[in-house]
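A short worksheet on the structure shown next.
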Amino acid sequence: MQRSLTVLALVCVSLAFAAAAQGPPAALNWYRGNLHTHTINSDGDSSPWDVMAWYKRNGYQFLAITDHNTFTDPAHFDSNPNDNFLLLGAEEVTNEKTVHVNAIGISQAIPAQRGSTVTELLQASIDAIRAQGAVALINHPNFRWAFTASEMLPLKGPVLLEIASGHPTVNHSGDGLVPATEQMWDQLLSAGIRVFAVAVDDAHNFRQEFILDRANPGRAWVVVRAPSLTREHIVAALNTGQFYASSGVELKSIVATSTMMSVEIETASPVQSAKHYRVVFIGKNGHELATSRDNPARYTFNGNEGYVRARIEDSGGLRAWTQPVPVGHER
Ligand SMILES: [Zn+2]
Ligand SMILES: [Zn+2]
């Protein structure tokens, strides 16, 4: 009984992914966006207008301005509905214990939450965000080494988890003892928690020369598959994992059926074609199932993986991450 339910869930997810990746008749589009940015309304160095203009100029279609406990209302900044650029109502809910949760797609301010533990602060933030029909994004667990997977395991409600960032001091790679946030993601997925991974800029610095120890923009983002560029469609796509995260690698398609996953990498530009690529398919407990140098890269499910996701690596150190699809019997 349990097995048949799991298989049914897989087929539903697979059809959604296949439709998303294959285009018509759904006529879905890819939209590039950044879900974590600061302005002079908290600790950034530029106005919301200047920040929005930077992202518009640099090939993004949507943006969340996430100032600390300060709501940015798109109605004040994004008045042109025809410019192929969407500002989402957003804020970084900034709690004690360095528990920071981005609220993506909100329409009203959310105050810092109360709680005596990291888990309580995370759950209260997630609940307040979801009460507005918005998406909760758990930011940088390793910033000031604030928390690990054990504090996230009791959480309820689908969420996003930041696993890559342009910010220089958020420690996403871990320290060898504290896990990388990508490993924490596998710990949560392996426990059956529905969580999708994002890459963000966490940009603060737009004015001075861009250098690696400043939080400059343009370093990490998400690419969302949606029917059109509206708040409703972007929020729904984020909530259902219809996107990939990137620190520079661009994908052409992601297809998952009931039997396989395939990933096609964009290699058209001179910089892209000068690199080598490999795709690592990853299953439960972070187990590396297979590595492919083919493009498209394809992995056939054996039915025991628990879930399958892909990490795409280029020879310059840039990466992309697809979202997991459930496979087989959940243990
Ligand atoms: Zn933060
Ligand atoms: Zn931030």
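The values are calculated or read from the model by the stated rules, or taken from the named source; none is laboratory data. In this text, all values refer to a predicted model and were calculated from it rather than measured experimentally. All Cβ positions, even for glycine, are placed from backbone atoms using ideal geometry, and neighbour counts span all protein chains on display. Quick note on the areas: whole protein, heavy atoms, side chains included, nothing else; ligands and nucleic acids left out. Shrake-Rupley method; radii C 1.70, N 1.55, O 1.52, S 1.80 Å.
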### Query
So what's the convex hull volume per residue for the Cα atoms of the chain, in Å³?
136
### Task
Would you work out which of V195, L161, T119 lies farthest towards the positive end of the dipole of the chain? Charges go on Cβ: Lys and Arg +1, Asp and Glu -1.
V195
### Message
Strictly over 31 Å apart at the Cα level, which of K56/K252; K97/K252; K56/K97; K156/K284; K252/K284 would you flag in this model?
### Response
K97/K252; K56/K97
### Query
If you rank L189, L289, L177 by how much accessible surface each has, with a 1.4 Å probe, what is the order from largest down?
L177, L289, L189
### Task
Report the FRET efficiency, 1/(1 + (r/R0)^6), for E232 and L153, where r is their Cβ-Cβ distance and R0 is 35 Å, rounded to 0.05.
0.70
### Query
Percent relative contact order of segment 175-331, based on C-alpha pairs within less than 8 angstrom and at least six residues apart?
20
### Query
What size of dipole, in debye to the nearest 20, comes out for the chain about its Cα centre when the only charges are +1 on Lys and Arg C-beta atoms and -1 on Asp and Glu C-beta atoms?
860
#### Entry: Most mobile of P217, P74, P270 in a GNM of the chain (Cα contacts under 10 Å)
P270
### Message
Mean Kyte-Doolittle hydropathy of -0.5 or higher plus an axial Cα length of 24 Å or more: which whole DSSP H helices in the chain meet both?
### Response
2-22
### Summary
GNM on the chain, Cα springs under 10 Å; top mean-square fluctuation among A220, A146, A112 goes to A146
#### Entry: GNM result for the chain, Cα springs below 10 Å: residue of G89, G303, G166 fluctuating most strongly
G303
#### Entry: 10 Å beta-carbon shell around P324, net charge (K/R +1, D/E -1)
+1
### Message
What FRET efficiency comes out for K252 versus K97 if R0 is 45 angstrom and r is the Cβ-Cβ distance? Round to the nearest 0.05.
### Response
0.65
### Message
Using DSSP to call loops (not H, G, I, E or B), can you name the chymotrypsin sites (Phe, Trp or Tyr not before Pro) in segment 94-159 whose Cβ has at most 15 other Cβ atoms within 10 angstrom?
### Response
none
#### Entry: Fully extended contour minus Cα-Cα distance, from N302 to L177, at 0.36 nm per residue
41.8 nm
### Summary
Whole-Hz Karplus couplings 3J(HN,Hα) for segment 141-155, θ = phi - 60° and coefficients 6.51, -1.76, 1.60, Gly and Pro as x, run x, 8, 6, 6, 6, 6, 6, 10, 4, 4, 6, 8, 4, x, 5
## Note on the structure
Distance in nm between K275 and W145 label points, each 7 Å along Cα→Cβ, equals 3.2
### Message
Please compute the length gained on full extension between N295 and R114, using 0.36 nm multiplied by the number of residues separating them and subtracting their Cα-Cα distance.
### Response
60.3 nm
